[in-house]
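**Student:** Handing you this structure, nothing more for now.
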Amino acid sequence: MIVQQLQKEIQNAFQTLFNHTLPLEKIDFQQTRKEFEGSYTFVTFPYGKITGKRPDETATLLGEFLKENVAIIKDFNVVKGFLNLVLEQSVWVKTLVNLNDKPVWKNIAKKDEKVMVEYSSPNTNKPLHLGHLRNNFLGYSVSEIMAANGSEVMKVNLVNDRGIHICKSMLAYQKHGEGKTPKDLGIKGDKLVGDYYVKFNDLFKIEVKQLVEQGRTQEQAEKEAPSLKEAQQMLLKWEQGDKETTDLWKKMNGWVYEGFDETYKNIGVTFDKFYYESNTYLSGKDTVEEGLKKGIFFKKEDGSVWIDLTNDGLDEKLVLRGDGTSVYMTQDIGTADLKFSDFPMQKSVYVIGNEQDYHMKVLKLIMQKLGRSYADGMYHLSYGMVELPSGKMKSREGTVVDADELVADMVEIARKRTLEVGKVDDFSEEEAENLYKMLALGALKYYLLRVEPKKKMLFDPNDSIDFQGNSGVYLQFTHAKISAILRKARKTNISHKSTSFESLEELESSEQDLIRLLSDYPNYLNEAAENYAPSSIANYMYDLAKQYSKLYAELPIFGEENEAKKSLRIALSDATAKTLTHAGKLLGIEMPERM
RNA sequence: GGUUCCUUAGCUCAACUGGAUAGAGCAACUCCCUUCUAAGGAGUAGGUUUCAGGUUCGAGUCCUGAAGGAAUCACCA
């Protein structure tokens with residue numbers, strides 16, 4: 001709010017002093033460094049050509065003009081080309097009044113923009129692991145952030161429910177499962193299926209080893225292993241609609257969906273629509289025809305269809321097999337169109353790991369060449385793998401950090417910590433369990449979201465995720481402290497209505513800093529949406545909580561004798577709590593009243 | 001081999017998209033609960049931002065090259 005006003009004032013000053021119109025969006029401010037007086041700093045180095053003066057001269061001229069003509073600017077100082085602006089204290093109080101009367105995010109207008117976010121998109125042959133959690137939290141959070149910025153968002157999950165990998169689980173189950181159900185075994189359905197996926201691979205490895213001993217090369221052996229042949233046979237049968245096979249497929253997928261549902265529900269992730277690859281894997285062939293007609297694709301002698309992307313710095317890429325069957329790309333082309341016909345979006349976000357950077361680049365190029373309106377709005381939210389100290393997680397080796405187990409472990413840690421240091425003796429069992437889960441998920445989500453998505457992460461199962469310092473729990477703890485203050489204010493009937501403090505003229509620096517941070521929230525929100533970056537929100541929340549904690553330790557609230565100051569601090573507390581709650585929601589992190 | 005991405009304090013990460021003396025947490029060390037929740041706060045120490053050049057008023061950020069790591073380049077999905 002303040003920034004917008006300052007931008008206009010600078011624009012006006014440039015107009016008057018230098019007869020030059022600066023576009024508003026080009027006028028940037030940075031926070032004045034602590035060692036100088038002031039709040040906002042305008043950098044004048046880039047404008048030498050426009051002003052015809054040295055940067056410090058430009059800064060001085062601007063400073064004098066602003067001080068003279070703008071009421072909220074109390075003073076200025078110039079260090080080289082840096083113009084530091086000192087604002088009237090009343091600006092801060094007025095800003096807090098605005099925050100207090102109406103949270104900043106209520107000013108965000110609805111946009112006429114549809115956004116589809118595809119995320120999670122699991123294979124149905126194994127349970128979700130830590131890598132999926134990163135995906136799920138990213139996708140969910142980006143959806144929330146876009147929606148908070150006024151877009152209409154559709155969250156979709158494209159389930160990879162067919163293919164050779166699923167047949168592998170089915171085959172192993174058929175052989176060794178003895179018809180046992182998850183219920184019989186007392187385990188989740190996705191776990192059962194995952195176990196048989198591992199079992200298949202154990203068998204496969206033994207076969208390969210035997211073949212190698214018989215003199216085959218590793219490569220030959222991997223192609224010839226009988227269990228693999230069987231799986232391929234099964235896939236063929238599935239595609240032909242063989243009843244026994246599809247029945248088994250339906251049964252086992254059903255188990256997996258039950259398991260997934262439970263996990264999604266547990267981690268607080270939701271979808272508006274599910275797509276299943278078993279329904280979409282044949283689509284896209286018409287589009288390939290279209291591309292051929294338009295001359296975008298070409299056919300080789302064997303009938304296979306390709307696109308030549310050498311001019312775009314890539315290779316030739318197959319889009320349809322010689323025998324007319326689909327490849328991965330075919331499906332994705334078809335699915336892209338299908339999504340658009342269901343929900344005519346301007347932006348289409350794909351939350352997919354960075355191992356598919358190349359594939360997604362090709363897909364976007366193809367859709368652009370086909371002239372799809374949504375193609376420019378396709379965005380691959382690429383994220384790095386979560387690795388263990390021993391290296392990459394591999395489901396078929398069983399070396400994964402299981403999502404359900406990790407959450408359960410963290411709930412246990414939360415329980416232990418709460419019993420040690422928490423202040424919730426009078427909680428009912430249900431309330432306590434809720435809290436443990438809230439803290440566990442808060443820590444986990446913050447841990448995964450505060451890092452820039454494209455960076456790979458290292459997770460050491462021996463080091464538990466932080467419950468101290470820069471952590472989700474720190475944010476929650478700050479909120480709980482504030483809640484205690486607000487409860488006490490309510491109980492003792494101390495008002496924090498704007499009228500009770502708006503006449504204040506002097507503020508402490510920690511109060512000012514906090515107001516500034518609070519009023520900057522919409523900028524972070526906007527930035528997060530533009531860059532698809534939940535990490536900006538996470539880092540902002542940490543800064544905010546830290547700034548509040550500082551104030552909390554420095555200044556008394558109920559011990560303050562000046563009633564106006566007391567009210568102002570309560571209003572500040574309230575605004576901080578509301579902002580933490582709002583921002584936390586964007587990351588899927590809930591804020592407790594007590595802990 | 002081609003392409004893309006990554007490399008910042010002992011460890012895990014920031015750095016407002018090119019701005020002032022690169023900031024946090026963890027770990028170590030000092031202080032602060034007779035005060036609103038110490039899962040906190042204040043402080044000390046820790047850096048040639050992998051390396052070498054370049055661009056400019058100014059580079060962790062942009063360009064070129066080198067080193068190390070990862071992904072990808074399938075008629076697999």
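A short reminder: the numbers here are calculations on the coordinates, not readings from a lab. Only a predicted model underlies this, so the values are computations on that prediction, with no experimental measurement involved. Positions of Cβ are generated from backbone atoms using ideal geometry, with glycine treated the same way; all protein chains shown enter the neighbour counts.
**Student:** Ranked from highest to lowest mean number of other Cβ atoms within 10 Å per residue, what is the order of the peptides A:83-90, A:267-274? Before the final figure, lay out the partial values.
**Tutor:** On the way: A:83-90: 19.9, A:267-274: 16.4.
Result, highest mean first: A:83-90, A:267-274.
**Student:** Remind me, relative contact order of chain A in percent, using alpha carbon pairs under 8 angstrom and six or more residues apart? Before the final figure, lay out each step's value.
**Tutor:** Working: 900 pairs, mean separation 89.7, N = 595.
Value for chain A: 15 percent.
**Student:** Each label point is 7 Å from the Cα along the Cα-to-Cβ direction; what then is the distance between the points at A:ARG487 and A:GLU412, in nm?
**Tutor:** 3.0
**Student:** So what's the projected area for the range A:238-297, the Cα convex hull averaged over all directions, in nm²?
**Tutor:** 6.4
**Student:** OK, next. Please report, in debye to the nearest 20, how large the charge dipole of the range A:362-482 is about its Cα centre when each Lys and Arg carries +1 at its beta carbon and each Asp and Glu carries -1 there.
**Tutor:** Values: 17 positive and 19 negative charges, 217 e Å.
The dipole of the range A:362-482 has a size of about 1040 debye.
**Student:** Report the label-to-label distance for A:ASN69 and A:GLN31 in nanometres (one decimal), using points 7 Å from each Cα along the Cα→Cβ vector.
**Tutor:** So the two model labels end up 3.0 nm from each other.
**Student:** For an R0 of 56 angstrom, estimate the FRET efficiency from the Cβ-Cβ distance between A:ASP308 and A:GLU88 and round to the nearest 0.05. Don't skip to the answer; put the middle values down first.
**Tutor:** On the way: r = 64 Å, r/R0 = 1.14.
E(calc), rounded to 0.05, equals 0.30.
**Student:** Sort A:440-446, A:309-315 by the packing proxy (mean of other Cβ within 10 Å over each peptide's residues), most packed first.
**Tutor:** Per-residue Cβ counts within 10 Å, averaged per peptide and sorted highest first, yield A:440-446, A:309-315.
**Student:** With r as the distance between the Cβ atoms of A:GLU430 and A:LYS454 and R0 = 60 Å, compute the FRET efficiency 1/(1 + (r/R0)^6) and round to 0.05. Don't skip to the end; give the middle numbers.
**Tutor:** Working: r = 40 Å, r/R0 = 0.67.
Efficiency, rounded to the nearest 0.05: 0.90.
**Student:** Follow-up question, since we're still on this one. Using 0.36 nm per residue, how much length does the chain from A:LYS546 to A:ASP323 gain when fully extended, once their Cα-Cα distance is taken away? Intermediate values should be presented prior to the final figure.
**Tutor:** Working: separation 223, 0.36 × 223 = 80.28 nm, distance 6.18 nm.
Gain on stretching A:LYS546 to A:ASP323: 74.1 nm.
**Student:** Same structure, new question: How many percent of DSSP beta bridges within the range A:77-161 run antiparallel, rounded to 5? List each step's numbers first, then the result.
**Tutor:** Details: 3 of 9 bridges.
Expressed as a percentage, antiparallel bridges in the range A:77-161 total about 35.
**Student:** Among A:VAL104, A:ALA59, A:HIS132, pick out the residue whose Cα is farthest towards the positive end of the charge dipole of the range A:46-160, where Lys and Arg carry +1 and Asp and Glu carry -1 on C-beta, about the Cα centre.
**Tutor:** A:HIS132
**Student:** Please give the per residue volume of the convex hull enclosing the alpha carbon atoms of the range A:414-587, rounded to a whole number of Å³.
**Tutor:** On the way: hull volume 23.3 nm³, N = 174.
So the per-residue hull volume is 134 Å³.
**Student:** Something else: How big is the equivalent ellipsoid of the range A:2-87 along its three axes, where each semi-axis is √(5λ) from the Cα gyration tensor, reported in whole Å from largest to smallest?
**Tutor:** Numbers: eigenvalues 61, 42, 29 Å².
Equivalent-ellipsoid dimensions as semi-axes: 17, 14, 12 Å.
**Student:** Modelled label-to-label distance, A:ASP202 and A:TYR257, 7 Å Cα→beta-carbon offset: nm?
**Tutor:** Spacing of the two 7 Å Cα→Cβ label points: 3.0 nm.
**Student:** Going 7 Å from the Cα of A:GLU152 in the Cα-to-Cβ direction, what parts of the range A:333-348 have a backbone nitrogen less than 19 Å from that spot?
**Tutor:** Within reach of a label on A:GLU152, which here means backbone N under 19 Å from a point 7 Å along Cα→Cβ, the range A:333-348 contributes A:337-348.
**Student:** Let me know the shape class of chain A, please: from the alpha-carbon gyration tensor, a ≥ b ≥ c as square roots of the eigenvalues, rounded when a/c is under 1.5, otherwise prolate if a/b is greater than b/c, or oblate. Before the final figure, lay out the partial values.
**Tutor:** Numbers: a/c = 2.75, a/b = 1.59, b/c = 1.73.
Verdict is oblate for chain A.
**Student:** Quick one: putting +1 on the C-beta of Lys and Arg, -1 on the C-beta of Asp and Glu, what dipole do you get for chain A around its Cα centre, in Debye to the nearest 20? Kindly include the intermediate steps, with their values, before the conclusion.
**Tutor:** On the way: 79 positive and 89 negative charges, 78 e Å.
Roughly 380 debye for chain A.
**Student:** Same structure again: Quick one: if you take sqrt(5λ) for each eigenvalue of the C-alpha gyration tensor of the range A:65-209, what semi-axes come out, biggest first, whole angstrom?
**Tutor:** The equivalent ellipsoid of the range A:65-209 has semi-axes of 60, 18, 14 Å.
**Student:** Report the one residue of A:GLY150, A:LEU586, A:LEU555 whose Cα lies farthest in the direction of the positive end of the charge dipole of chain A (charges on C-beta: Lys and Arg +1, Asp and Glu -1; origin at the Cα centre).
**Tutor:** A:GLY150
**Student:** What share of the DSSP beta bridges in chain A is antiparallel, in percent to the nearest 5? Walk me through the intermediate numbers first.
**Tutor:** Values: 24 of 46 bridges.
So the antiparallel bridges in chain A amount to around 50 percent.
**Student:** Could you work out [θ]222 nm for chain A from helices alone, using -39500 (n - 2.57) per DSSP H run of at least four and dividing by all its residues? Round to the nearest 500 deg cm²/dmol. Mind dumping the intermediate values first?
**Tutor:** On the way: 22 runs with 326 residues, N = 595.
Only helices count here, giving -18000 deg cm²/dmol.
**Student:** About the Cα centre of the range A:414-587, what is the dipole size in debye to 20, counting +1 per Lys and Arg Cβ and -1 per Asp and Glu Cβ, all else neutral?
**Tutor:** 420
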